[in-house]
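The values are calculated or read from the model by the stated rules, or taken from the named source; none is laboratory data. Everything numeric in this text was worked out from a predicted model, so none of it was measured. Positions of Cβ are backbone-derived with ideal geometry, glycine not excepted, and every protein chain shown enters the neighbour counts.
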Amino acid sequence: MSVVVIYRFMLANALTLFYSFVALIVITLNYLKNPFQKSPLRLVPPAQLTDPKYGVHKYIKANNTTIHYVDSGDSAKPLMLFVHGFPEFWYLWRHQIVHFNKKYRCVAVDMRGYGDSERPDDVSSYKLELLIEDIRDLIKQLGHDKCILVSHDWGGVVACRLRDVYPEVLNGLIVLGSTEHSLWVDTLYNNAEQMKKSWYIFLFRMPWIPEKMMQINDLEVFEKSMLSGSGVTKDDIECFKYWFRKPTAMTPPINYYRANFKYSAEIKYHDEKVPFLFAHGSDEKYLNSSLLERMKELYSVIETAIVEGAGHFLPQTDPEKTNKLIDEFLEKHSL
């Protein structure tokens with residue numbers, strides 16, 4: 001074990017303990033302030049989740065995992081596959097589905113552990129290597145050889161790795177509000193701003209504490225993080241709360257962080273010839289702006305963009321700008 005790895009090990013564990021201590025204080029104070037408060041279970045799905053304009057709800061086995069997805073558009077048309085991140089589910093892509101489903105077969109999935117997809121119990125089931133196999137097999141099971149892959153946050157991490165390992169299944173790749181995993185690991189430990197922005201990742205290593213933090217005040221984290229821009233309403237927030245308020249629903253998504261936390265990662269140059277759009281919002285809260293320039297150094301084929309005025313959740317907070325950006329990319333590459 002190198003000196004660098006030992007240092008990072010000590011630093012990461014110190015930060016994990018520190019943020020856990022702070023979280024416990026917050027949880028305790030919140031309980032003392034509202035000792036009888038209990039978040040309501042939402043037994044009936046909000047109407048938006050069953051609105052037929054978004055497509056048909058289906059289930060499929062991919063990589064031996066039951067995956068729920070919403071299917072919209074002509075199945076004979078090119079596949080546009082949408083993969084979400086944390087803490088999201090297929091509904092993140094509602095604005096994109098209705099925009100693109102006339103030209104493409106739009107499929108928005110619940111990643112394993114999310115929404116109505118299967119939720120394996122063990123942390124190791126959320127390793128990045130398994131997640132990319134989910135998507136590769138899903139494309140095949142849907143009856144397609146290739147797709148245009150549109151991704152956000154953790155979905156983008158999976159998408160970048162899929163491009164590196166199985167570029168042959170992609171006609172094009174769009175990554176929003178995310179980055180390549182090894183580059184993110186390197187930036188986390190070498191950029192103070194990124195370490196500050198990623199404080200929650202250290203907390204997420206701990207058992208049960210982050211789940212309790214996320215549930216405070218009836219999951220108000222969703223209002224605080226998503227309720228901005230023109231594309232998100234309070235009714236939309238209820239859709240997220242419907243799924244994430246369910247018992248144990250928060251643990252599998254947090255297991256993505258637990259399963260893939262690293263102290264070091266090998267950064268390599270990628271020369272796969274897949275059209276690649278990489279974009280962040282100008283008001284991105286969780287990722288350092290330097291990642292755009294570093295991604296250009298890492299990939300031989302890549303286009304980068306900044307969506308002005310948008311934050312981290314740009315597919316839903318700024319749908320018109322996001323859709324326009326994707327449209328221009330698809331038209332440029334005749335996809």
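Could you list, in sequence order, all residues of the range 139-190 that are in contact with a Phe, Trp or Tyr (Cβ under 9 Å, 6 or more places away or on another chain), closer than 19 Å to LYS273 by Cβ and among the charged types (D, E, K, R)?
ARG163, GLU180
Quick check on this structure: which one of TYR200, TYR242, TYR256 is surrounded by 15 or more Cβ atoms within 10 Å (Cβ to Cβ) and either farther than 30 Å from PRO35 by Cα or touching a strand residue (DSSP E or B) at 6+ places or on another chain (Cβ under 7 Å) (or both)?
Selected residue: TYR256, the only one of TYR200, TYR242, TYR256 that is surrounded by 15 or more Cβ atoms within 10 Å (Cβ to Cβ) and either farther than 30 Å from PRO35 by Cα or touching a strand residue (DSSP E or B) at 6+ places or on another chain (Cβ under 7 Å) (or both).
Which residue pairs have Cβ atoms closer than 6 Å, lie 6 or more positions apart in sequence or on different chains, and pair a first residue in the range 256-272 that is more than 23 Å from VAL123 (Cα to Cα) with a second residue that is in a loop (DSSP other than H, G, I, E, B)?
Going by the 6 Å Cβ cut-off, the qualifying pairs are ASP271/SER300.
Let's see how each residue does on (1) within 17 Å of VAL107 (Cβ to Cβ); (2) free of Cβ contacts under 8 Å to residues at least 60 places away in the same chain:
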residue: ALA12; (1), (2): no, no
residue: LEU17; (1), (2): no, yes
residue: ASN30; (1), (2): no, no
residue: TYR54; (1), (2): yes, yes
residue: LYS58; (1), (2): yes, yes
residue: ASN63; (1), (2): yes, no
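Counting only residues that are in contact (Cβ under 8 Å) with a residue 60 or more places away in the chain, surrounded by 18 or more Cβ atoms within 10 Å (Cβ to Cβ) and more than 18 Å from the chain's Cα centre (by Cα), which one in the range 161-171 is nearest to HIS270 (Cα to Cα)?
Selected residue: LEU170.
Which condition from (1) assigned to a loop (DSSP other than H, G, I, E, B); (2) in contact (Cβ under 8 Å) with a residue 12 or more places away in the chain; (3) of a type outside the set (A, V, I, L, M, F, W, C); (4) under 27 Å from PHE18 (Cα atoms) is the one that SER182 breaks?
Failed condition: (1).
Restricting to the range 196-222, name every residue that is within 23 Å of TYR126 (Cα to Cα) and part of a loop (DSSP other than H, G, I, E, B).
Correct list: SER198, PHE204, ARG205, MET206, PRO207, TRP208.
Kindly indicate whether ILE139 is without any contact (Cβ under 8 Å) to a residue 40 or more places away in the chain, hydrophobic (A, V, I, L, M, F, W, C) and part of a helix (DSSP H, G or I).
No, not satisfied.
Which one of ASP134, ASP122 is surrounded by fewer than 18 Cβ atoms within 10 Å (Cβ to Cβ), modelled with pLDDT of 95 or more and acidic (Asp, Glu)?
After ruling out the rest, the residue left standing is ASP122.
Counting only residues that are more than 24 Å from the chain's Cα centre (by Cα) and either part of a helix (DSSP H, G or I) or closer than 23 Å to LYS246 by Cα (or both), how many does the range 1-51 have?
35
Looking at (1) within 17 Å of LEU142 (Cβ to Cβ); (2) surrounded by fewer than 24 Cβ atoms within 10 Å (Cβ to Cβ); (3) within 20 Å of the chain's Cα centre (by Cα), which is the one condition that is false for VAL83?
(2)
Tell me the residue from GLU303, GLU297, GLU238 that is modelled with pLDDT under 95 and of a type in the set (Asp, Glu), please.
Unique residue meeting the criteria: GLU297.
Tell me yes or no: at least one residue of the range 305-325 is within 29 Å of TYR7 (Cα to Cα) and within 20 Å of the chain's Cα centre (by Cα).
Taking every residue of the range 305-325 in turn, none turns out to be within 29 Å of TYR7 (Cα to Cα) and within 20 Å of the chain's Cα centre (by Cα).
Filter the range 6-50 down to the residues that are of a type in the set (S, T, N, Q) and within 30 Å of ARG94 (Cα to Cα) and list them by number.
Listed by number, the residues that qualify are SER39, GLN48, THR50.
Using the structure shown, decide if LEU188 is assigned to a helix (DSSP H, G or I), within 18 Å of the chain's Cα centre (by Cα) and surrounded by fewer than 20 Cβ atoms within 10 Å (Cβ to Cβ).
no
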